[in-house]
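Participant: Sharing a structure with you now.
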Amino acid sequence: MRQFRERFPIFEHTTYLNSCSMGALADEVRASMIGYLDDLERDGSLWATWVSRQDEVRRRLAQVFRTDPTQVAVTASASAAVSSIASAVLTDPRRPRVITTELEFPTVGQIWHARERQGAEVVHIPSTSNLGIDMKALDAAVDDRTAIVSVTHVCYRNGAMTDLAPVIELAHSRGVPVLVDAYQSVGAVPIDFPALGADFLVGGVLKYMLGLPGVGFALASPATVQYVPSITGWFAARDIFAMDIHAYDPAVDARRFEGGTPVVPCLYPAAAGLGLLLEVGLDRAWEHSRRLHEQLRQTVLDIGGTVVTPAEHHGPMLAVEATDDHALVAALEGDRVITSCRDGNLRISPHFYNNADDIEIVGKALQRHRHLLR
Ligand SMILES: Cc1ncc(COP(=O)(O)O)c(C=O)c1O
């Protein structure tokens, strides 16, 4: 992985372990942003180029998720993707129920609860002691009034990874579609979308996918063709350039979950980041970061720290209990070790560009600030 690490200049001066918040910037991602300005300066208006850039991002996302580009919608954020999906699945008054969890990122909970004004009923399934989904409670909750089951893949607060297969199986056995928020795993954990069998999967490119803010996405399986969003825009039309103001004619593939003009400057770095990720390979990246995750867990335990993330099912991020999480992040930053925190936990998130030395460095820094660990 050394040859890839060299393409991230931040490692020349900083121990960067915060990919769960924002990925490190690669040389080619930086250059692609400048490339956007070069294109604009040289050619002026670039509508056709922009559509083709969006399609390039779509194709690369399809490659990452081992699916077809027709199952990929490129959006401005994960929130935009979830909102569009929500507007499509909550249309039948006989099915007002949304079954979700206690592990969601705020945007997902908020989008579902925003629908209560139109009659939605939102149910949160409790977590088990090892931060999984309480399957008994899920079994009791999913009924014939349920419109969707909405679950997170990896929890942004504690790093626990949900076993999605039984959740999808249970929902599908009752004819209920499943939305997976995989923002905390995409780009780090290999996901085969067709094999997973979820109906929808949302995420964005700015974390483990090495892009910048401004590009999210939704994957929509062919089974979702009956769901048509009312949160929409002209880039979701069957023919973007038909320019028809007298009819709504959405694309029949996943593109119908798109909206207006994409955040064009960010499509360039999204394509570059995804290109680099595909060059590394998802399987190889995950194998590497899983090893670092285990080294990190042992390092924290050796210091006498408390790891929150379950050992048996986890994503790329390791959460550690802190007495004052913000003070700990600031203290580490003073040592040029970049992490983040949520909910009282320190979050340390290695990716393929990190190495065993980074883990040793963060371990030594944690030892120095031991008083801030619980
Ligand atoms: C798990 C998860 N879901 C959703 C989001 C929100 O994504 P966006 O800001 O693109 O809507 C985030 C952002 O960090 C996240 O970590």
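Taken together, the values in this text are just the output of simple stated rules run on the coordinates, not laboratory data. Values in this document were obtained by computation on a predicted structure and should not be read as measured data. For neighbour counting, all protein chains shown are included, and Cβ atoms are generated from backbone atoms with ideal geometry for every residue, glycine included.
Participant: Quickly estimate the mean residue ellipticity at 222 nm for the chain, helices only: each DSSP H run with n ≥ 4 gives -39500 (n - 2.57), and the total goes over all residues, rounded to 500.
Facilitator: -12000 deg cm²/dmol
Participant: I've got another one for you. Give, in nm to one decimal, the length gained when the segment between LEU37 and ARG290 is fully stretched (0.36 nm per residue of separation minus the Cα-Cα distance).
Facilitator: 87.3 nm
Participant: What FRET efficiency comes out for the pair GLU121/ARG336, r = Cβ-Cβ distance, R0 = 30 Å, nearest 0.05?
Facilitator: Calculated value: 0.05.
Participant: Full extension from HIS313 to ILE231: what is 0.36 nm times the residue separation minus their Cα-Cα distance, to one decimal in nm?
Facilitator: Additional length available on full extension: 26.0 nm.
Participant: I would also like to ask the following. Report the charge-dipole magnitude of the chain in Debye, nearest 20, computed about the Cα centre from +1 at each Lys and Arg Cβ and -1 at each Asp and Glu Cβ.
Facilitator: Magnitude of the dipole: close to 280 debye.
Participant: Something else: Give the peptides 208-215, 37-44 in descending order of average Cβ contacts within 10 Å, highest first.
Facilitator: 208-215, 37-44
Participant: Would you mind counting up the charge near ASN130? Only other residues with Cβ under 12 Å from its Cβ, with Lys and Arg at +1 and Asp and Glu at -1.
Facilitator: -3
Participant: Test of understanding: extend the Cα→C-beta vector of HIS13 to 7 Å, then name every residue of region 338-362 with backbone N under 16 Å from that spot.
Facilitator: It comes to 338, nothing else.
Participant: Quick one: SER185, SER173, SER349, SER221, fewest Cβ neighbours within 10 Å first, how do they rank?
Facilitator: SER173, SER221, SER185, SER349
Participant: Here is a follow-up. From the backbone phi of region 355-367, what are the Karplus-calculated ³J(HN,Hα) couplings (6.51 cos²θ - 1.76 cosθ + 1.60, θ = phi - 60°) in whole Hz, Gly and Pro given as x?
Facilitator: For region 355-367, the Karplus-derived couplings read 9, 4, 5, 4, 5, 4, 5, 5, x, 5, 5, 5, 4 Hz, x marking Gly and Pro.
Participant: Amide H neighbours of ARG238 under 5 Å, at least 5 residues apart or on other chains, H built in the peptide plane: list them.
Facilitator: Sorted by chain and number, the residues that satisfy this are ASP249, ALA251.
Participant: Another question, then. At a Förster distance of 45 Å, what's the computed FRET efficiency of ARG145 paired with ASP55, Cβ-Cβ distance as r, to 0.05?
Facilitator: 0.70
Participant: Where the centre of each part is set by its Cα atoms, how far does region 116-146 sit from region 35-97, in angstrom?
Facilitator: What the calculation gives is 29 Å, centre to centre.
Participant: Under a point-charge model restricted to the Cβ atoms of Lys and Arg (+1) and Asp and Glu (-1), what is the dipole moment magnitude of region 82-156 relative to its Cα centre, in debye to the nearest 20?
Facilitator: 200 debye
Participant: If you don't mind, another one. Residue by residue, what Karplus-based ³J(HN,Hα) values in Hz, rounded to whole numbers, does region 58-70 have, using 6.51, -1.76 and 1.60 with θ = phi - 60° and x for Gly and Pro?
Facilitator: Working through the residues one at a time gives 4, 5, 5, 4, 4, 5, 4, 9, 6, 10, 9, x, 5 Hz.
Participant: Rank SER150, ALA137, PHE4 by how far each Cα sits towards the positive end of the charge dipole of the chain (+1 on Lys, Arg Cβ; -1 on Asp, Glu Cβ) and give me just the farthest.
Facilitator: ALA137
Participant: Charges on Cβ only, +1 for Lys and Arg, -1 for Asp and Glu, centred on the Cα centroid of the chain; of PRO250, PHE65, PRO126, which one is farthest towards the dipole's positive end?
Facilitator: After comparing all options, I get PRO126.
Participant: Give the shape of region 1-129 as rounded, prolate or oblate, defined through the alpha-carbon gyration tensor: a ≥ b ≥ c are the square roots of its eigenvalues, a/c under 1.5 means rounded, and otherwise the shape is prolate if a/b is larger than b/c and oblate if not.
Facilitator: oblate
Participant: One quarter of the convex hull surface, Cα atoms only: what value does that give for region 28-278 in nm²?
Facilitator: Across all orientations, region 28-278 yields a mean hull projection of 13.4 nm².
Participant: Spin-label point model (7 Å from Cα, Cβ direction): what's the ILE245 to ALA48 distance in nm?
Facilitator: In this crude label model, ILE245 to ALA48 measures out at 2.6 nm.
Participant: Here's something else I'd like to know. How large is the dipole of region 237-292 about the Cα centre if only Lys and Arg carry +1 and Asp and Glu carry -1, each at its Cβ, rounded to the nearest 20 debye?
Facilitator: Taking the Cα centre of region 237-292 as origin, the dipole is about 300 debye.
Participant: In percent, how large is the relative contact order of region 28-278, given Cα pairs closer than 8 Å and 6 or more residues apart?
Facilitator: 28 percent
Participant: Can you give the FRET efficiency to the nearest 0.05 for ALA114 and THR91, using r as the Cβ-Cβ distance and R₀ = 25 Å?
Facilitator: Efficiency, from the Cβ-Cβ distance: 0.95.
Participant: What is the extension gain from ARG374 to ALA327, computed as 0.36 nm multiplied by their sequence separation minus the C-alpha to C-alpha distance, in nm to one decimal?
Facilitator: 15.6 nm
Participant: Extending each Cα 7 Å along its Cβ direction at VAL252 and MET135, get the distance between those two points in nm, one decimal.
Facilitator: For VAL252 paired with MET135, the spin-label model returns 3.8 nm.
Participant: Give me the percent of DSSP beta bridges within region 28-278 that run antiparallel, rounded to the nearest 5.
Facilitator: Looking only at bridges with both residues in region 28-278, the antiparallel portion is about 45 percent.
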